[in-house]
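> Supplied in structure tokens, the structure appears directly below.
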Amino acid sequence: MTGRTVPGDLGPEGQKALLDELAEVVTSAAPQDWARLAVEYKCLGRHVELGVGVHDATEQPISWEPPAEVDALFWRLRVGMYEEGRGTWFSAFFRTRTTGPHEIFYNWDNEPPWQPPAESFAHEQRLFPRDGAHQPAWFRRRLEQT
């Protein structure tokens with residue numbers, strides 16, 4: 001899948017296509033002997049944190065730096081999954097194995113374990129507006145402090 005993503009333009013088929021592309025990117029770039037791979041993407045405004053975990057078949061960790069394209073694919077998912085008034089998700093956890101399907105979990109409401117810069121909250125609200133009913137208390141509190 002190529003091209004720009006417009007806020008809210010990804011339906012289930014578009015999401016699946018991007019996830020399949022993400023799976024292809026990470027598995028083709030994964031280190032030799034990998035068996036299990038996980039990527040956590042956290043974003044608020046334009047502040048992004050990306051964490052990875054890769055293990056071999058004996059559960060030994062393997063050092064790995066994901067390709068830059070991983071960030072771009074998560075960003076396109078985040079933009080495309082925006083819902084008017086609800087906003088978009090704050091973090092996503094993607095995992096796959098050498099055998100079996102990949103899976104992803106989205107966090108739309110809970111505060112990720114991190115401390116993004118204060119200006120990220122206002123930027124998030126400008127990029128992906130949430131009405132009051134969809135602003136978690138932690139988000140609203142930090143937004144009011146900016």
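The values are calculated or read from the model by the stated rules, or taken from the named source; none is laboratory data. Quantities reported herein were computed from a predicted structural model and do not represent experimental measurements. All Cβ positions, even for glycine, are placed from backbone atoms using ideal geometry, and neighbour counts span all protein chains on display.
> Scan the stretch 15-24 and tell me whether some residue there is surrounded by fewer than 17 Cβ atoms within 10 Å (Cβ to Cβ), out of contact with any Gly (no Cβ under 8 Å at 6 or more places or on another chain) and outside any helix (DSSP H, G or I).
Within the stretch 15-24, not a single residue is surrounded by fewer than 17 Cβ atoms within 10 Å (Cβ to Cβ), out of contact with any Gly (no Cβ under 8 Å at 6 or more places or on another chain) and outside any helix (DSSP H, G or I).
> Over 20 Å from residue 40 (Cβ atoms) and in contact (Cβ under 8 Å) with a residue 60 or more places away in the chain: is that true of residue 123 in this structure?
yes
> Further question: Quick one: which of 89, 138 is closer than 14 Å to residue 15 by Cα, without any contact (Cβ under 8 Å) to a residue 60 or more places away in the chain and either in a loop (DSSP other than H, G, I, E, B) or out of contact with any strand residue (DSSP E or B) (no Cβ under 9 Å at 6 or more places or on another chain) (or both)?
One residue alone meets the criteria, 89.
> Condition first: over 14 Å from residue 24 (Cβ atoms) and either exposed (fewer than 15 other Cβ atoms within 10 Å of the Cβ) or of a type in the set (Ser, Thr, Tyr) (or both). Now tell me which residues in the stretch 72-94 satisfy that.
Residues satisfying the conditions are 82, 83, 84, 85, 88, 91.
> Residue 116: at pLDDT below 95, crowded, with 19+ Cβ neighbours inside 10 Å and not hydrophobic (A, V, I, L, M, F, W, C), yes or no?
Taking the combined requirement at face value, the residue satisfies it.
> Checking the conditions here, which among 115, 125 is among the polar types (S, T, N, Q) and outside any loop (DSSP other than H, G, I, E, B)?
The conditions single out 125.
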